[in-house]
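What follows is a set of notes on a single structure, which appears directly below.
Taken together, the values in this text are just the output of simple stated rules run on the coordinates, not laboratory data. These numbers come from a predicted model, not from an experiment. Every residue, glycine as well, gets a Cβ built from its backbone with ideal geometry; the counts of neighbours run over all protein chains shown.
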Amino acid sequence: MTQNGRTTENEFIFHPSNVMLFILLFGLSALFLALTVSYIYTRVTMNVPPVRIPMLFIVNTLILLGSSYTMILAKRCYQEDDTEGYQKQLKYTIWLSLLFMAMQSFAWWWLFSHNIGLGTSTTTGYLYLISFVHLAHVVAGLPFLILFYHAAKKRMVDPVTVLVYFSDPEKRLKLRLLTIYWHFLDALWIYLVLFFGINYLV
């Protein structure tokens, strides 16, 4: 079944890439749920004080929200056959992701400079571990973003190649999956920031 001459996304619901992504997201959800539950358990059983997240974590939330927004715009440009806009939004997403990585490193440096190291307390160790595992998955997704941008720059050189690129259902599916992954990382980070913030207040 097609819509406006294109294969609908619903036809790919049981595509292997689709299934693998949702298995990955389920696994990540279980991992971070286990880590946050362990954090609460440690606080209660060991009677240790909660850790206060630096303001840079809030700034990083805004950066990730911006990268999710540019991914939405990239997908919209793809659907509208907007070559320049598509490439531009992918590039913005890459730069925002790199900025997030740099700012997260700076946030860890800030913690160290204020004598909040890995061995300061058990809860501080959880903060470093959880934020590092999240960053690792941002780093893991970055090569796919770069590959998408590189492919768009290399293959979209004239009207014919542009038409072929935008008409490829596999590429449209992979862009959709990459967008879902990026939104998931964004939502996960918001959850983690709220989790640490609420734990500090109660």
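A few comments on the model shown:
- Calculated diffusion of region 95-202, Stokes-Einstein form, Kirkwood radius summed over Cα pairs, 25 °C and 0.890 mPa s, µm²/s: 149 µm²/s
- Distance between modelled label sites at residue 151 and residue 106, nm, 7 Å Cα→Cβ extension: 3.3 nm
- Note on region 2-201: dipole from Cβ charges, positive end direction compared against 118, 51, 179; the farthest Cα belongs to 118.
- Principal axes of the chain: Cα extent on each, largest first, Å: 64, 33, 22
- Most mobile listed residue (146, 190, 23) in the chain, GNM with C-alpha springs under 10 Å: 23
- FRET efficiency for the pair residue 160 and residue 88, taken as 1/(1 + (r/R0)^6) with r the Cβ-Cβ distance and R0 = 30 Å, rounds to 0.90.
- Cα-centred dipole magnitude for the chain, charges only on beta-carbon of K, R (+1) and D, E (-1), debye, nearest 20: 260 debye
- Helices in the chain, meaning DSSP H runs of at least 4 residues, each add -39500 (n - 2.57). Divided by all residues, the mean residue ellipticity at 222 nm is -28500 deg cm²/dmol.
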